[in-house]
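A short write-up of the structure that comes next.
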Amino acid sequence: MNFDALFQTQIDALKEEGNYRYFAELERKCGKFPKAANHVDGEKRDVTVWCSNDYLGMGQNPLTIAAMCEAVQRTGTGAGGTRNISGTNHDHLLLEAELADLHGKEAALLFTSGYVSNWAALSCLGSRLENCVILSDAGNHASMIEGIRHSKAKKVIWKHNDVADLEAKLQALPANVPKIVAFESVYSMDGDICPMREIVEVAEKYGAMTYLDEVHAVGLYGPRGGGVSEREGLADRITLIEGTLGKAYGVVGGYITGSAALCDFIRSFASGFIFTTALPPAVAAAARASIMHLKTSRDERIRQRAQVKKLRDGLDRAGIPHMMNESHIVPVMIKDPVKTRMLADYLMDEWGIYVQPINYPTVPKGTERLRFTPSPLHSDEDIAHLLNALTHLWKQCAVSHAVA
Ligand code: PMP
């Protein structure tokens, strides 16, 4: 059988729809974020990155870099094993204590990524809690969807951010089965924020556990960067808070926090925790330095919000429609995969602006977009340059008819 031909047919179909993903080959330059070099045909060209999830530039912050360098000299490059078999380092435990404190929980547990933490925790909970039903927001991330699917637990999908629908679905379930309400605080592609208090109240009313993904909120919201749950004073009412170390904290890794029993349960039974090499201790040290810094420093968050506002105001002045939300994510809707790619290519080639086109399956078909994430390190000149480019494009390409 010609397997390559089978692979190629599906790849060609993606290309035909405009949904094939091309990488931009970037070279991040230490201390220079959001500038990076883009490699094209052996040439390097400076670009401004507008779609990074290193939301606060902590990945190039001197504090984070120093912590990683110090730890790599002290501990070496890798953990040397799974957490259970020689891979648990002092730095992992310090980081877990830091994370538990960040969310005001008894315990925390590290994973190799946010994806793995969702997948592993939900697979474990859904498969081991007998007759468990998982009520999942329709907008949940692929890592949660896959974890739930793998658990083989009964899944009930509730309409995105619709608390009345959640309540109707909870009400229809038998009182005595374990229920988990799984949702996010900041949704990554639309940037909308969930009605957390109402969700928590409904979940409590029906005795359900709450599973909250704060991946796009940790480090960014709340007085100490504890996420929307901290900002709303709700962290202690949420059973499990999940987050990443790879976005606002600028490193890599994922985690869950919750009661000591919950974390011990996942530690003891989740295959995605047990059977994989632990994060390098130096990664844990860098993440801890980043978290500790953002617990006390608000400068990055304040400046980020100011830059987000400047971009939004500029888009309004230029008449370029963008999706309104309360977060730091600025989606400009194009609603066509080919046009989205064309615009992104043009921005890169003509203006030195890098924004990745966001197409299906990351977003539903017909909602393709450019997703901008201003950081505290984008200068006012960077913003003016982007607005200039977008205004020019809007006129030149007459894309306005494509956006409603
Ligand atoms: N949850 C959400 C909502 C996400 O958007 C992502 C990644 N974009 C993840 C989890 C996975 O996090 P990580 O990148 O750390 O694997």
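Shape of segment 265-318 from the C-alpha gyration tensor: prolate (a/c of 1.5 or more and a/b above b/c, with a ≥ b ≥ c the square roots of its eigenvalues). When the chain is treated as a GNM with alpha-carbon contacts under 10 Å, the residue of PHE23, PHE33, PHE265 showing the greatest mean-square fluctuation is PHE23.
Computed extension gain for LYS205 through SER86, at 0.36 nm per residue and net of the alpha carbon distance, reaches 38.5 nm. Relative to the longest principal axis of the Cα atoms of the chain, the long axis of helix 281-296 lies at roughly 80 degrees.
Among LEU94, LEU245, LEU347, the largest mean-square fluctuation in a Gaussian network model of the chain, built with springs joining Cα atoms closer than 10 Å, belongs to LEU94. Close amide H pairs (under 5 Å, H built 1.01 Å from N) link TRP158 with SER136, ASP137, ALA138, residues at least 5 positions away or on another chain. Describe numerically, in nm with one decimal, the distance between label points set 7 Å from Cα along Cα→Cβ at GLU70 and at LEU93. With each label placed 7 Å out from Cα toward Cβ, I get 1.9 nm. Report, by chain and number, residues whose modeled amide H sits under 5 Å from the one on ASP336, excluding near sequence neighbours (fewer than 5 apart, same chain). Here the answer is GLU368, since their amide H atoms fall under 5 Å of that of ASP336.
Work out, step by step, the length gained on full extension between ALA261 and GLU25: first 0.36 nm times the residue separation, then minus their alpha carbon distance; give nm to one decimal.
Length gained between ALA261 and GLU25: 80.6 nm.
Once both labels are positioned 7 Å from their Cα atoms along Cα-to-Cβ, the gap between ASP380 and HIS160 label points is 3.5 nm.
Listed values for segment 194-203 are Karplus-derived 3J(HN,Hα) couplings in whole Hz (6.51 cos²θ - 1.76 cosθ + 1.60, θ = phi - 60°), namely 6, x, 5, 4, 5, 5, 5, 5, 5, 4, and x replaces Gly and Pro. Give the angle, between 0 and 90 degrees and rounded to the nearest 10, that separates the Cα long axis of helix 142-151 from the longest principal axis of the Cα atoms of the chain. Taking the Cα atoms of the chain, the angle to 142-151 is about 30 degrees. Here LYS159 is the anchor, and the lysines within straight C-alpha reach of less than 16 Å, apart from those fewer than 8 places off in the same chain, are LYS169.
In the chain, the calculated helix contribution to ellipticity at 222 nm averages -13500 deg cm²/dmol per residue, counting -39,500 (n - 2.57) for every DSSP H run with n ≥ 4. Computed from point charges on the beta carbon alone (+1 for Lys and Arg, -1 for Asp and Glu), the dipole magnitude for segment 196-274 about its Cα centre is near 160 Debye.
Taking 0.36 nm per residue of separation and subtracting the current Cα-Cα distance, fully stretching the chain between LEU6 and ARG197 would add 63.9 nm.
Classified by the C-alpha gyration tensor, segment 107-225 has an oblate form. Its axis ratio a/c, with a ≥ b ≥ c, is 1.5 or above, and a/b does not exceed b/c.
Peptides 103-116, 34-47 ranked from most to least packed give 103-116, 34-47, packing being the mean of other C-beta atoms within 10 angstrom over each peptide's residues. At a Cα cut-off below 13 Å, give the aspartates and glutamates reachable from LYS310, other chains included and same-chain residues fewer than 8 away excluded. Result set, ordered by chain and number: ASP380, GLU381, ASP382. Among the listed pairs LYS105/LYS179; LYS15/LYS309; LYS205/LYS247; LYS105/LYS155, give every one whose C-alpha distance is greater than 25 Å. Violating the 25 Å limit, Cα to Cα: LYS15/LYS309; LYS205/LYS247; LYS105/LYS155. Rounded to whole numbers, the Karplus 3J(HN,Hα) couplings from phi for segment 258-268 are x, 5, 4, 5, 4, 5, 5, 4, 5, 4, 7 Hz, using 6.51 cos²θ - 1.76 cosθ + 1.60 with θ = phi - 60°, and x at Gly and Pro. Highest mobility in the GNM of the chain, judged by mean-square fluctuation with C-alpha springs under 10 Å and restricted to SER86, SER136, SER271, is found for SER86. Couplings 3J(HN,Hα) of segment 74-85, computed from phi: 7, 10, x, 8, x, 7, x, x, 5, 4, 7, 10 Hz, in residue order, whole Hz [Karplus 6.51 cos²θ - 1.76 cosθ + 1.60, θ = phi - 60°; x for Gly and Pro]. Rounded, prolate or oblate: pick one for segment 310-404, where a ≥ b ≥ c are the square roots of the eigenvalues of its C-alpha gyration tensor, a/c under 1.5 means rounded, and failing that, prolate if a/b is larger than b/c, else oblate. Rounded shape, in that the Cα axes give a/c under 1.5.
All of the numbers you see were taken from the coordinates with simple rules; none came from a lab. As the structure is a computational prediction, the values presented were derived from the model and not from experiment. Using ideal geometry, Cβ is built from the backbone for each residue, glycine included, and neighbour counts are taken over all protein chains shown.
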